[in-house]
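Below: the structure, in structure tokens.
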Amino acid sequence: MANFYTSDLHHAHKNILNFTERRKFTTVDNHTDWLVETWNKQVQPCDHVYHLGDLSFSSNYDEIVDFVYKLNGQIHLIQGNHDNLKVLSRLVQEGYAVWSGTYKETKLDSTKVCLLHYPITIWNRKQNGSYHLFGHCHSSYVPPNGKSLDVGIDNAYSLLGQHRLFNEQDIRDYMATRKSVQLDHHKER
């Protein structure tokens, strides 16, 4: 079993190719199939995937189910600005995902990981080296300090040279290059 992290798939978003480098690899008509292939190339059915928001632009629940049903893994869904929490909750209730919410904490090895759709400056246990994983930015924002990372598939393309999900080793490697900086009341005097 492995853990993967991603965000901002933007299923059924007709204009996403105009805003990202995905246009080099797929078309509007093939975007859904390309997303499924990109995901399933890495993820096995027993793996856990933390999707940090903006799963789909569709307002049709059956269309979203058809998409999610094709994705391997045990899916944890963080709500993004383009997601409906009721839809995400229904996906969990009907067994298409294992969890949904607006924020989640987990661990990578012994390190706390704070998951949210948006980048933030201060997060739980930041002063102790915890990680913050986010989406929303499509590789347009690199936080100036701290152990935080945009895990969206567009940022994977920017950092890793291919659209894919981040695995735990990708995150370890990236965080090893980042310095933990205290910006709040926990700062040593």
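No lab work stands behind these numbers, since they all come straight from the coordinates. Everything quoted here is computed from the prediction, not taken from an experiment. Neighbour counts run over all protein chains shown; Cβ positions are idealised from the backbone, glycine included.
Note down the relative contact order for the chain as a percent, whole number, built from C-alpha pairs under 8 angstrom at least six residues apart.
Working: 377 pairs, mean separation 41.3, N = 189.
Relative contact order, the chain: 22 percent.
Once the piece of chain linking ARG23 and ALA176 is laid out straight, how much longer is it, given 0.36 nm per residue of separation minus the C-alpha distance between them?
Values: separation 153, 0.36 × 153 = 55.08 nm, distance 3.14 nm.
Residue separation times 0.36 nm, minus the Cα-Cα distance, leaves 51.9 nm.
Where the only charges are on Cβ atoms (+1 Lys, Arg; -1 Asp, Glu), what is the dipole of region 3-175 about its Cα centre, to the nearest 20 debye?
Working: 16 positive and 19 negative charges, 99 e Å.
Dipole size: approximately 480 debye.
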Quiz item: Toward the positive end of the charge dipole of region 73-189, about the Cα centre and with charges on Cβ (Lys, Arg +1; Asp, Glu -1), which of HIS132, GLN182, GLY95 goes farthest?
Solution: GLN182
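Relative to 2.2 N^0.38 Å, what does the C-alpha radius of gyration of region 1-104 come to as a ratio? Two decimals please.
Rounded to two decimals, the normalised Rg is 1.00.
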Quiz item: By a straight-distance test (C-alpha under 18 Å), which lysines pair with LYS70 as possible cross-link partners, with residues fewer than eight away in the same chain excluded?
Solution: LYS41
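Over the residues of the chain, compute the C-alpha Rg and express it relative to 2.2 N^0.38 Å.
Numbers: Rg = 16.2 Å, N = 189, 2.2 N^0.38 = 16.1 Å.
Compared with the compact-globule rule of thumb, the chain sits at 1.00.
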Practice problem: Given a cut-off of 28 Å, name the pairs among LYS14/LYS86; LYS24/LYS126; LYS104/LYS179 whose C-alpha atoms lie farther apart than that in the structure shown. | Solution: LYS24/LYS126
